[in-house]
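The values are calculated or read from the model by the stated rules, or taken from the named source; none is laboratory data. Bear in mind the structure is a predicted one, so any value in this text is a computation, not a measurement. Virtual Cβ from ideal backbone geometry, glycine too; neighbours counted across all protein chains shown.
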């Protein structure tokens, strides 16, 4: 026996196996017993080998997500259409990977993708719900620009009136201080001074992360990203606009095949034209009223629920306040304000562990939906947010980008049925990864850890409310063989892992099923 | 019971858990049984929570690689020094990720890394063996340039004598055709025409992948990469140079803390000054003789073994020839030529499955060391090379970049003790990924799938023979907590998973241990 074996055993912890392989002298001594343990198939016939090999390959696929979904006759026909189109797009990619969109940055491929046949099929697909999206990052840039035409809007600028710092609705020149020193002028004046088209182009850039696809770090990307939220603050936190923005978001999402929205909101206090500040309850009430109004005119729409998600970069005692607010709001809006989360760049905020004391006081029936592991710093306190999220009983994990590096946490998600909210485009734009084919969700799909696909902040990347994220998940992240079963599973998951309960969940499935069946018919007839 | 449950069950396959969560109406009916099943810890005290949480975090770490290695007193002291330096470098990275080398492309950080204290510690560390490196991509650019000063060297150029196409040693002007039409001239004339310094700079670029850090796809990177091999062909396949190149490689590797090299070679037939072509046996004989010569003058050196690794882009009947050649060579060099592999871009070659028939005929005692899964095309036939490599009984897997997407194959590697040869820099330069923090080896480390770190083709990336790959593995890929135990495990693995056997393996460990103990003393005294 090699004298090094005992020490080596610590490396792998399986001395049995090691002994078998380590020392050929020893093996010789015990005659042919090791040969019979050999894992070589070299004495096998090629055809027998291939049977075994195909079984193993099949088995590996069967472990993955969606492989147990059954398709009916019509779905099978639609699947044939979809897979033919998908194979074409992959074939072109294999021939010239530089033309394969999931290998590029979205800012370079956005227009190109709009022409993709597979994207256009996905666009019309009833995709279920969006379970991870943020309050003021939902609507298209075009809608935001429209908002700047509203009456009584002022803009505050620096750089000789060239750089927009803040917006505010007011009857007279605002006196409030913006984030940096700037001068207020009526929006019309600003537009006239620069010319309408220039202002449009300027806002197209300022209201989004474009054209910066080459930040040098995710910290830089985040700082730009937070800047957009701050700039939009005065434009959107005006009470009348707040409701319209949300209503329009529901409309845009619905038109993109989304029937349900679970929204994370900071729930900022809104202001009125005279400068009065409303209560946080009003922010929620406006949401609920607009949602009901939208549902009334769109009977196929399932609805929307709210996750209170204030900023994480605070002292623990502030989280104590958050918890009280959440409990109060939930009392007032028990079916609408149903969950809690903390937002802002995880790496610059505080880890969940520091907030355990107040968080444990959250009433049992208000669910957690924590952001966790939106980082590539393996082993950092932030990375360990994943463990706290799970142990604090989170129902889903926002992003969970780092979870594949956590064997045990991955297992726990599978066993405890915690879904990961995967936001492919967001992860790329905020600089966690480049090539969608390397996105960790591929591993979640392979290991059948439950996932839902979301868009996080589609407004800022100028993508469709959900279709682009589905496109990258289907074409870039999932295995080539992923088909309609995978897509159906994603849609079903988005309802299954939502905060919908009992009868409302049944109703949700039935509303989705209705549109799904119609879509399947369309795919078949348009082939 | 929700009427949608049976269908949904297919998505996840755990109806028990689903029933618990799906339908709150049902849960209400069975009273508090579901509450007692709750996984919320909200009734726990914060201090009890923290105990549980730290246990789980610790458990997760314990699963990972290296956590069972024990360190002696001196090693513990050295570890303290190393971790202090590592923490400094990570701290700077957290403050400004754009300055964190493992987040950047090596071509931008090469000079910067040479100044890193952690790099300089790793450079001197006895790292064991390199188990994945290719015949003509081992030596520094400087050595290659030196070779171009040898007598009787001709160069073939196009573009008005500006672009080098081929080299050849000959007494008279070569008559052979190069890969494209070009004109031969003596190397001295070429150097004189352009000036020595210009030629040096030109070769520095032509003999490496620099400065092209922004290829648009891995196909393009590969085509450039293969071009270097072709250019070097006539320079290195000259019998006297072949031996000197290998001897110098052993020297450079040894000086970088590498005591053993398991080389993959195409085993090209070499040529002599008069144009005679030698037998492939001579190629091996030269290797073995040079290795013995090197060992004789470097008693700390463990040795070198050879894996015959011809090109994969061939017809199956050619592989039949390969197998015969491997068997013949192994008969002649039983302790030196010990394994077989196939090389060249996996995505453009043929998948292993097409070669099963000839491969099954390989004599049982010649091991396979297959390249597999060096791709990000999930679910492609190439991706499935991983399954064939394992079922064909491979002892290690070259790259295995895609294996984390294959749950079952990962498990098999762990159970069958198959090590993954991870080559971080190679994967970045050949465009599989950018940020080392997203390298799939992080997951192998987390799941304790055995790995070794290798450099593949250090010559072409102008990095140290092994230290840069160790640097990225330690600082970028592994968790922040990874320490001397991790490093020691990597070094031990490189011997443990080598083709060394019985007594020679014992001797290898003992040679490594000697240098290791000396290095530990140095780390402590130089702190």
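Scan the stretch B:504-527 and tell me whether some residue there is outside any helix (DSSP H, G or I), away from chain A (no Cβ under 11 Å), more than 21 Å from residue B:109 (Cα to Cα) and touching a helix residue (DSSP H, G or I) at 6+ places or on another chain (Cβ under 7 Å). Before the answer, list the steps.
First, the residues of the stretch B:504-527 that are outside any helix (DSSP H, G or I): B:526-527.
Now narrow it down to the ones that are away from chain A (no Cβ under 11 Å): B:526-527.
In the following step, the residues that additionally are more than 21 Å from residue B:109 (Cα to Cα) were identified as B:526-527.
Then keep just the ones that are touching a helix residue (DSSP H, G or I) at 6+ places or on another chain (Cβ under 7 Å); that gives B:527.
Yes: the stretch B:504-527 contains one or more residues that are outside any helix (DSSP H, G or I), away from chain A (no Cβ under 11 Å), more than 21 Å from residue B:109 (Cα to Cα) and touching a helix residue (DSSP H, G or I) at 6+ places or on another chain (Cβ under 7 Å).
Can you tell me how many residues within the stretch B:123-173 are modelled with pLDDT of 95 or more and outside any strand (DSSP E or B)?
Residues in the stretch B:123-173 being modelled with pLDDT of 95 or more and outside any strand (DSSP E or B): 27 in total.
Would you mind stating whether residue A:490 is at the interface with another protein chain (Cβ under 10 Å from one of its Cβ atoms) and either without any contact (Cβ under 8 Å) to a residue 12 or more places away in the chain or surrounded by 24 or more Cβ atoms within 10 Å (Cβ to Cβ) (or both)? Don't jump to the end; show me each part of the working.
Working: at the interface with another protein chain (Cβ under 10 Å from one of its Cβ atoms): yes; either without any contact (Cβ under 8 Å) to a residue 12 or more places away in the chain or surrounded by 24 or more Cβ atoms within 10 Å (Cβ to Cβ) (or both): yes.
So residue A:490 passes the test.
Determine whether the stretch A:292-309 contains at least one residue that is out of contact with any helix residue (DSSP H, G or I) (no Cβ under 8 Å at 6 or more places or on another chain), in contact (Cβ under 8 Å) with a residue 12 or more places away in the chain and surrounded by fewer than 21 Cβ atoms within 10 Å (Cβ to Cβ). Spell out the reasoning first.
Within the stretch A:292-309, the first condition is being out of contact with any helix residue (DSSP H, G or I) (no Cβ under 8 Å at 6 or more places or on another chain), and the residues that meet it are A:292, A:295-297, A:299, A:305, A:307, A:309.
Okay, now just the ones that are also in contact (Cβ under 8 Å) with a residue 12 or more places away in the chain, so A:305, A:307, A:309.
Checking which are surrounded by fewer than 21 Cβ atoms within 10 Å (Cβ to Cβ) leaves us with none.
Within the stretch A:292-309, none of the residues are out of contact with any helix residue (DSSP H, G or I) (no Cβ under 8 Å at 6 or more places or on another chain), in contact (Cβ under 8 Å) with a residue 12 or more places away in the chain and surrounded by fewer than 21 Cβ atoms within 10 Å (Cβ to Cβ).
Given the conditions (1) under 19 Å from the mean Cα position of the chain (by Cα); (2) assigned to a helix (DSSP H, G or I), report the number of the one that residue A:499 does not fulfil.
Unmet condition: (2).
Looking only at the stretch B:345-366, count every residue that is within 7 Å of chain A (Cβ to nearest Cβ), crowded, with 20+ Cβ neighbours inside 10 Å and in a loop (DSSP other than H, G, I, E, B) and tell me the total.
Looking only at that region, the number is 1.
Given the conditions (1) outside any helix (DSSP H, G or I); (2) under 20 Å from residue A:65 (Cβ atoms); (3) more than 10 Å from every other protein chain (Cβ to nearest Cβ), report the number of the one that residue A:463 does not fulfil.
It is condition (2) that residue A:463 fails.
Does the stretch A:57-66 hold any residues that are in contact with a helix residue (DSSP H, G or I) (Cβ under 6 Å, 6 or more places away or on another chain) and more than 7 Å from chain B (Cβ to nearest Cβ), and which are they?
Across the stretch A:57-66, the qualifying residues are A:64, A:65, A:66.
Scan B:364, B:357, B:346, B:384 and give me the residue that is modelled with pLDDT under 95 and farther than 23 Å from residue B:218 by Cβ.
From the options B:364, B:357, B:346, B:384, the qualifying one is B:364.
Which condition does residue B:111 not pass, out of (1) in a loop (DSSP other than H, G, I, E, B); (2) modelled with pLDDT under 95, if it passes all the others?
(1)
Given (1) over 30 Å from residue A:347 (Cα atoms); (2) touching a strand residue (DSSP E or B) at 6+ places or on another chain (Cβ under 7 Å); (3) part of a loop (DSSP other than H, G, I, E, B), where does residue A:179 come up short, assuming only one miss?
(1) is the only condition that residue A:179 fails.
Report yes if residue B:168 is touching a residue at least 60 places away in the same chain (Cβ under 8 Å) and in contact with a strand residue (DSSP E or B) (Cβ under 8 Å, 6 or more places away or on another chain), otherwise no.
Working: touching a residue at least 60 places away in the same chain (Cβ under 8 Å): yes; in contact with a strand residue (DSSP E or B) (Cβ under 8 Å, 6 or more places away or on another chain): yes.
So residue B:168 fits the description; yes.
Go through (1) in contact with a helix residue (DSSP H, G or I) (Cβ under 6 Å, 6 or more places away or on another chain); (2) part of a helix (DSSP H, G or I) and name the single condition residue B:488 misses.
(1)
Please verify whether the stretch A:37-45 includes one or more residues that are more than 7 Å from chain B (Cβ to nearest Cβ), surrounded by fewer than 16 Cβ atoms within 10 Å (Cβ to Cβ), assigned to a loop (DSSP other than H, G, I, E, B) and at pLDDT 95 or above. Write out each step before concluding.
So the first thing to find is which residues in the stretch A:37-45 are more than 7 Å from chain B (Cβ to nearest Cβ), and the list is A:37-38, A:43, A:45.
Now narrow it down to the ones that are surrounded by fewer than 16 Cβ atoms within 10 Å (Cβ to Cβ): A:37-38, A:43, A:45.
Filter again for assigned to a loop (DSSP other than H, G, I, E, B), leaving A:38, A:43, A:45.
Remaining after also requiring at pLDDT 95 or above: none.
The answer is no; no qualifying residue exists.
Residue A:267 fails exactly one of the following numbered conditions: (1) buried (at least 16 other Cβ atoms within 10 Å of the Cβ); (2) closer than 30 Å to residue A:285 by Cβ; (3) without any contact (Cβ under 8 Å) to a residue 60 or more places away in the chain. What is the number of that condition?
Every listed condition holds for residue A:267 apart from (3).
Would you check which residues across the stretch A:466-487 are more than 10 Å from chain B (Cβ to nearest Cβ) and closer than 21 Å to residue A:114 by Cβ and list them?
Once the filter is applied, which keeps residues that are more than 10 Å from chain B (Cβ to nearest Cβ) and closer than 21 Å to residue A:114 by Cβ, the stretch A:466-487 yields A:466, A:467, A:468, A:469, A:470, A:471, A:472, A:473, A:474, A:475, A:487.
Going by the conditions given, is residue B:469 in a helix (DSSP H, G or I) and out of contact with any strand residue (DSSP E or B) (no Cβ under 8 Å at 6 or more places or on another chain)?
On the way: in a helix (DSSP H, G or I): yes; out of contact with any strand residue (DSSP E or B) (no Cβ under 8 Å at 6 or more places or on another chain): no.
The answer is no for residue B:469.
Name the residues in the stretch A:389-427 that are in contact with a helix residue (DSSP H, G or I) (Cβ under 8 Å, 6 or more places away or on another chain) and assigned to a loop (DSSP other than H, G, I, E, B), would you?
A:392, A:400, A:401, A:402, A:406, A:417, A:418, A:423
Condition first: touching a residue at least 12 places away in the same chain (Cβ under 8 Å) and outside any helix (DSSP H, G or I). Now tell me which residues in the stretch A:71-99 satisfy that.
A:71
Every residue, every condition in (1) more than 14 Å from every other protein chain (Cβ to nearest Cβ); (2) surrounded by fewer than 19 Cβ atoms within 10 Å (Cβ to Cβ); (3) in contact (Cβ under 8 Å) with a residue 24 or more places away in the chain, yes or no:
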position	(1), (2), (3)
A:205	yes, yes, no
A:208	yes, no, yes
A:213	no, yes, yes
A:217	no, yes, yes
A:223	no, yes, no
A:226	yes, yes, yes
A:232	yes, no, yes
A:235	yes, no, yes
A:245	yes, no, yes
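If the requirement is being within 8 Å of another protein chain (Cβ to nearest Cβ) and under 30 Å from residue A:59 (Cα atoms), which of these qualifies: A:419, A:402, A:446? Quick ask: steps written out before the conclusion?
On the way: A:419 fails: within 8 Å of another protein chain (Cβ to nearest Cβ); A:402 fails: within 8 Å of another protein chain (Cβ to nearest Cβ).
Every option except A:446 fails the conditions.
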